[in-house]
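The values are calculated or read from the model by the stated rules, or taken from the named source; none is laboratory data. Everything quoted here is computed from the prediction, not taken from an experiment. Neighbour counts are summed over all protein chains in view; Cβ atoms, including those assigned to glycine, are modelled from backbone coordinates with ideal geometry. To get the accessible areas, we keep the full protein, side chains included, count just its heavy atoms, and leave off ligands, DNA and RNA. Shrake-Rupley method; radii C 1.70, N 1.55, O 1.52, S 1.80 Å.
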Amino acid sequence: MTEQAILVLGGTGKSGSRIAARLRARGAAVRVASRSGEWRFDWNDRATWDHVLDGVAAVYVVPLDGAVLTRPFVERAAGLGAGRLVLLSGRGVDVPDYIVGDADAGATHVDGESAVRDSGLPWTIVRPGWFAQNFSEGFFREAVLAGELRLPAGDGAASFVDAEDIADVVVAALTEDGHAGRTYELSGPRALTMTEVAAEISAATGRTVRYVPLGPQEFVAELVGQGWPEGDAKEYADVVSPIRRGKDAYLSEGVRQALGRDARDFSAYARSAADAGAWD
Ligand SMILES: NC(=O)c1ccc[n+]([C@@H]2O[C@H](COP(=O)([O-])OP(=O)(O)OC[C@H]3O[C@@H](n4cnc5c(N)ncnc54)[C@H](OP(=O)(O)O)[C@@H]3O)[C@@H](O)[C@H]2O)c1
């Protein structure tokens, strides 16, 4: 393991925290960087960029959705001699009709991918589909706790990927040879409908969770009724729409390509999240 530090942006988030923990367990010097991290880093404050980048062997880049800042950051990383880049992008970035409306992440990931490819540094792009951890650490958690997943996902399925697998792939790309120039699309081993997700979480937790399909307009109206700004509610509906339109059900081989093993199943995720008290 290199003596030089590895910079983990978004190091307090769902993927970054797992990556930092794995790197530390291997004895690496890790810079956990974010607005609240040990190393203060704010995408919106360029004065915070150089000190986190100074002298690092590798960088895990979690971009800021809705911003187009990855290119100047990557250029700065190259200028300061960073060794290699691993970028978190998203599945669907190159799929026509995947993104609808003004969903925040689309332009961010298109910019980010081209920026790392142009960087002149060794790079790896990781494109996960929907994280399983959205149900335990992300924007679906409150709905699970309330017992009802009220979403405009229709009967669509998504091949949810476990953030533990994302972390394993990213750590391999940060620390091993053989991943430069690769774009890994990551999914779990099967696609689940929201009804199946609710059943898995119910079985793992012993609490009753059910899926209530809403039409997109009904969903937006419901959120607005709860005080959401209409634009944010529409964007949330747009982000979920690929599931409803069947565009998130396909399986991706990136976990096997990068690690030579199968991806973790949603059942295993749900059990371990329940055991860890994620929904207590
Ligand atoms: N969730 C999914 O299903 C999914 C699927 C595919 C791709 N993605 C992509 O994954 C990315 C998010 O990754 P994640 O889920 O691992 O992270 P996350 O759990 O959403 O956490 C976001 C991280 O970014 C940091 N952050 C937020 N605003 C920041 C700012 N202005 N400057 C610096 N750091 C900031 C946060 O820390 P502080 O609050 O301390 O700053 C936190 O560490 C997004 O680009 C998203 O498009 C997500």
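Some observations on this one:
- The set of residues from region 60-81 being within 14 Å of the ligand (Cβ to nearest atom) and assigned to a loop (DSSP other than H, G, I, E, B) comprises Val62, Pro63, Leu64, Asp65, Gly66, Ala67, Val68, Leu69.
- Condition met for Ser119 (more than 14 Å from the ligand (Cβ to nearest atom) and over 30 Å from Pro216 (Cβ atoms)): yes
- Residue selection: Trp49 fails the criterion of being surrounded by fewer than 20 Cβ atoms within 10 Å (Cβ to Cβ) and more than 13 Å from Arg76 (Cα to Cα).
- Taken over region 33-59, the criterion of being more than 14 Å from the ligand (Cβ to nearest atom) and either modelled with pLDDT under 95 or out of contact with any helix residue (DSSP H, G or I) (no Cβ under 9 Å at 6 or more places or on another chain) (or both) is satisfied by Asp54, Gly55.
- The residue of region 21-32 that is farthest from the ligand (Cβ to nearest atom), among those that are hydrophobic (A, V, I, L, M, F, W, C) and part of a strand (DSSP E or B), is Val30.
- Candidate set: region 143-165, residues that are out of contact with any strand residue (DSSP E or B) (no Cβ under 8 Å at 6 or more places or on another chain) and more than 15 Å from the ligand (Cβ to nearest atom); chosen: the one farthest from Ala263 (Cα to Cα): Ala146
- Of all residues making up region 122-142, the number that are over 18 Å from Leu223 (Cβ atoms) and away from the ligand (no atom under 13 Å from the Cβ): 3
- Region 158-206, residues that are over 25 Å from Ala143 (Cβ atoms), open to solvent by 10 Å² or more (accessible area, probe 1.4 Å) and β-branched (Val, Ile, Thr): Thr175, Thr183
- Region 1-20 - residue that is part of a helix (DSSP H, G or I) and out of contact with any Asp or Glu (no Cβ under 7 Å at 6 or more places or on another chain) and, of those, nearest to the ligand (Cβ to nearest atom): Ser15
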